[in-house]
Amino acid sequence: QVQLVESGGGLVQPGGSLTLSCAASGITFSLYDMGWYRQAPGNKRELVATITSGGTTTYADSVKGRFTISRDNARNTVSLQMNSLKPEDTAVYYCKAQRVWPRQMYWGQGTQVTVSS
């Protein structure tokens with residue numbers, strides 16, 4: 001059974017930092033592209049950052065220079081280091097594992113991040 005379990009969310013003041021982690025099980029982690037997405041109330045889920053199986057990263061313009069995605073294939077984890085957080089970063093953050101062939105996609109249950117003073 002595939003599981004993606006996010007952790008590390010919480011309440012932080014503007015300008016603060018948080019690190020989210022996603023632990024994967026039930027998949028050959030190193031073969032999957034991994035990503036972080038977020039969804040704020042009333043909004044669609046949007047891409048935050050991705051990292052391919054080969055380590056190539058992409059970021060949404062809104063988080064470039066502030067967020068860093070990384071992966072540890074030995075521990076089957078993907079992390080999102082978030083710095084200089086803004087109130088508009090408030091959302092539920094989701095981890096996604098994706099493989100192009102065979103086509104497979106899995107989501108975690110999400111972790112809440114709230115940026116507020």
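The values are calculated or read from the model by the stated rules, or taken from the named source; none is laboratory data. Bear in mind that the values here come from a model prediction, so they are computed numbers and not experimental data. As a convention, Cβ positions derive from the backbone with ideal geometry for all residues, glycine included, and neighbour counts pool all protein chains shown. Ligands, DNA and RNA are stripped out before the accessible areas are found, and what is left, the full protein with its side chains, is counted by its heavy atoms. Shrake-Rupley method; radii C 1.70, N 1.55, O 1.52, S 1.80 Å.
If residue 16 satisfies all but one of (1) more than 20 Å from residue 106 (Cα to Cα); (2) in a strand (DSSP E or B), what's the number of the condition it fails?
Single failed check for residue 16: (2).
Return a yes/no flag: does the range 83-91 have any residue that is part of a strand (DSSP E or B) and among the aliphatic types (A, V, I, L, M).
Just the residues of the range 83-91 that are part of a strand (DSSP E or B), to begin with: 91.
Subset that is among the aliphatic types (A, V, I, L, M): 91.
For the range 83-91, residues part of a strand (DSSP E or B) and among the aliphatic types (A, V, I, L, M): present.
Any chance the range 75-87 includes a residue that's among the basic types (Lys, Arg) and either within 13 Å of residue 15 (Cα to Cα) or open to solvent by 70 Å² or more (accessible area, probe 1.4 Å) (or both)? Step through it out loud before you land on a result.
First, pick out the residues of the range 75-87 that are among the basic types (Lys, Arg): 75, 86.
Cutting the leftovers down to either within 13 Å of residue 15 (Cα to Cα) or open to solvent by 70 Å² or more (accessible area, probe 1.4 Å) (or both) gives us 75, 86.
There is at least one residue in the range 75-87 that is among the basic types (Lys, Arg) and either within 13 Å of residue 15 (Cα to Cα) or open to solvent by 70 Å² or more (accessible area, probe 1.4 Å) (or both).
Taking the range 92-109 only, how many residues are surrounded by fewer than 20 Cβ atoms within 10 Å (Cβ to Cβ) and either in a loop (DSSP other than H, G, I, E, B) or in contact with a helix residue (DSSP H, G or I) (Cβ under 9 Å, 6 or more places away or on another chain) (or both)?
Of the range 92-109, the ones surrounded by fewer than 20 Cβ atoms within 10 Å (Cβ to Cβ) are 92, 98-107, 109.
When the remaining residues are screened for being either in a loop (DSSP other than H, G, I, E, B) or in contact with a helix residue (DSSP H, G or I) (Cβ under 9 Å, 6 or more places away or on another chain) (or both), the result is 99-103, 109.
Adding up the residues that qualify gives 6.
Output the residues belonging to the range 1-25 that are open to solvent by 50 Å² or more (accessible area, probe 1.4 Å), hydroxyl-bearing (Ser, Thr, Tyr) and within 12 Å of the chain's Cα centre (by Cα).
7, 19
Could we say that residue 68 is in contact (Cβ under 8 Å) with a residue 12 or more places away in the chain and under 17 Å from residue 89 (Cβ atoms) here? Full working, then the answer.
Numbers: in contact (Cβ under 8 Å) with a residue 12 or more places away in the chain: yes; under 17 Å from residue 89 (Cβ atoms): yes.
Yes, satisfied.
Out of the residues in the range 69-92 that are of a type in the set (Ser, Thr, Tyr) and farther than 17 Å from residue 33 by Cβ, which is nearest to the chain's Cα centre (by Cα)? Walk me through how you get there before you give the answer.
Just the residues of the range 69-92 that are of a type in the set (Ser, Thr, Tyr), to begin with: 70, 77, 79, 84, 90.
Filter once more, so that each one left must be farther than 17 Å from residue 33 by Cβ: 84, 90.
Values: 84: 16, 90: 13 Å.
Applying the filter and picking the extreme gives 90.
So which residues in the range 26-72 are in a strand (DSSP E or B) and open to solvent by less than 40 Å² (accessible area, probe 1.4 Å), if there are any at all? Full working, then the answer.
Of all residues in the range 26-72, those in a strand (DSSP E or B) come to 33-39, 46-51, 57-59, 67-72.
If the condition is that a residue be in a strand (DSSP E or B) and open to solvent by less than 40 Å² (accessible area, probe 1.4 Å), then 34, 35, 36, 37, 38, 48, 49, 50, 51, 67, 69 are the ones that fit.
Considering only residues that are hydroxyl-bearing (Ser, Thr, Tyr) and under 15 Å from residue 19 (Cα atoms), which ones fall in the range 51-96?
Residues of the range 51-96 hydroxyl-bearing (Ser, Thr, Tyr): 52-53, 56-59, 62, 68, 70, 77, 79, 84, 90, 93-94.
68, 70, 77, 79, 84, 90, 93, 94 - these are the residues of the range 51-96 that are hydroxyl-bearing (Ser, Thr, Tyr) and under 15 Å from residue 19 (Cα atoms).
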